[in-house]
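Data block below; observations after.
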Amino acid sequence: AVHPSHIVPRGRYPGRLPVHLPRLVSPRAMACVTQLSLSGAPPPQPLRRRVASRSVSRSTRFSSLVPSAIKDPTSTIDATTVWKDESECIVGTYGRGNTPVFTHGLGCLMWDTTGKEYLDFTAGIAVNVLGHSDPDWVAAVSEQAGKICHVSNLYHTEPGATLARKLVNDSFADKVFYCNSGTEAIEGAIKFARKFQKTKAEKADANTPKWFRKVKKLKWATETVSFSNCFHGRTLGALNLTWKKAYREPFVPLSPGHTFATYGDLESARNAIVAGKTAAVFVEPVQGEGGIFPADRAFLEGLRKICDETGAVLVFDEVQCGLGRTGYLWGHQSVGVFPDIMTIAKPLAGGLPIGAVLCVDKIAAAMAPGDHGSTFAGGPLVCHAANAVYDKVTGPKFMENVTERGEQLREGLRDALKGDARFVEVRGSGLLVGVQLTVPAGPLVAICREAGLLVITAGAGDVLRLLPPLVVSESEVTKAVAIIKDAMGKL
């Protein structure tokens, strides 16, 4: 039997009932899940590696189930039918046109319905960090799907608790809240910050004389600040934080109380962040969608100081740059500055939908059962897959490959494109790389795709963005650089 004290309240449910699985979750592991109301927050720490309840995914023993190659399966999928069904039946929010219909992939390679091979330097927009059909990931998904897939957050399951323990072991955070995407993580962070500010104001007001409380309406910080060229999502709260007007203007009016400051400019940030008004400041340690701009140490240190002085919550959006993409587990670790909240998502489950809000105790303590929740979030299937991804990303020499291939890619591009009047610079961190051009990058993306290389744009459409799987090889980087150089000659 499970002791009642082990049942952790979460989300909009008064309490979760224990699922009687062969292996019960320890109360220590479950303590990582957000909304345990603990008092007294220890100072954030960068890395606090402790032994997780399952340090290596059990799925590794199933790797022999995955074939070593799947290059030539017989495809019965007709691309014309797919294009027709999509155009007639799916809301047209993507504008894909007649781009390839992919049928399968392996590592950094993908194949379409014609059997044509592509080198994938998009990775599902920074999602497929292990590439396609990674044997341990496939085995983890297959194993968990054969056991239990979904139970809702009324009950406990082990994979999410184990993953939460790993996340807090290896970050500044004390607690984790699960969701299903990056934009959901941003929405959660907004709510967490606002509730923290409300709770803080109520505690401060507790010492106010009762007669004065009757005539003074309690107020607390509710506004937000983000930065030029940022991207934080497309749901309404996250959209309010996102810089690009083309994303925001079709849906105005958005919520009031948001201010944009200039990325990298501390004076602009000081003018925007106001004590008693600004609840949270959102910043990407490395901007992705905005054009691949890494923040420097001075800027992030300055933001940390300003937030401490004004009482604002500092939120690092690592949806794209987190989990090894920069050569560090978390992008902010390269400068040694730590937030109050961090949002993560894209790569965490290797292609299955997941997001998470990581926060320190003082933020988590403000959240109570019913303050936030999700039906699907933190389910056993996606979290078991995420454990397999996390174990590989944090394994020996994994980051070494990211750093080496990132340097090879950036230097290779600089050398290949030097002398081209349309080339400005290469910038980035790890395997989050952008090539700044003086011309639109869209036509270059199309030429590269025709040559068998998948890349995308960023910024104002004049940046070529490269996001290969983090397992990319030296020869694959060399091939990608050669294709880009040849494509520039055809542009």
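A short reminder: the numbers here are calculations on the coordinates, not readings from a lab. Bear in mind the structure is a predicted one, so any value in this text is a computation, not a measurement. Don't worry about glycine lacking a Cβ; one is built from the backbone with ideal geometry, like all the others, and counts go over all protein chains shown.
Here the gap between Asp420 and Ile125, fully extended at 0.36 nm per residue and compared with their Cα-Cα distance, gives a gain of 103.5 nm. Neighbours of Ala79, meaning other residues whose beta-carbon lies under 13 angstrom from its beta-carbon, give a summed charge of -1 when Lys and Arg score +1 and Asp and Glu score -1. Direction-averaged projected area, Cα convex hull, the stretch 352-491: 11.7 nm², rounded to one decimal.
Couplings 3J(HN,Hα) for the stretch 111-124, derived from phi with the Karplus relation 6.51 cos²θ - 1.76 cosθ + 1.60 (θ = phi - 60°), are 10, 9, 5, 8, x, 5, 9, 10, 8, 8, 10, 10, 6, x Hz, where x marks Gly and Pro. Report note on the peptides 154-164, 115-125: ranked by the mean count of other C-beta atoms within 10 Å, highest first, their order is 154-164, 115-125. Judged by the gyration tensor of its Cα atoms, with axes a ≥ b ≥ c, the stretch 266-414 is oblate; a/c meets the 1.5 cut and b/c is at least as large as a/b.
Full extension of the chain segment joining Leu491 with Thr438 gains 17.9 nm, where the gain is 0.36 nm per residue of separation less the Cα-Cα distance.
A simple spin-label model places the labels of Asp205 and Ser228 3.8 nm from each other, with each point 7 Å out along Cα-to-Cβ. Taking packing as the residue-averaged number of other Cβ atoms within 10 angstrom, the listed peptides 98-106, 433-441, 323-331, 249-257 run from highest to lowest as 323-331, 433-441, 98-106, 249-257. When its C-alpha radius of gyration is set against 2.2 N^0.38 Å (N residues), the stretch 155-300 gives a value of 1.23. Take the Cβ atoms of Trp83 and Glu407, set R0 to 60 Å, and the FRET efficiency comes out at 0.90.
When the alpha carbon coordinates of the stretch 136-206 are projected onto the principal axes, the ranges are 53, 26, 23 Å, largest first.
What the Cα convex hull of the stretch 72-115 gives, in volume per residue, is 83 Å³.
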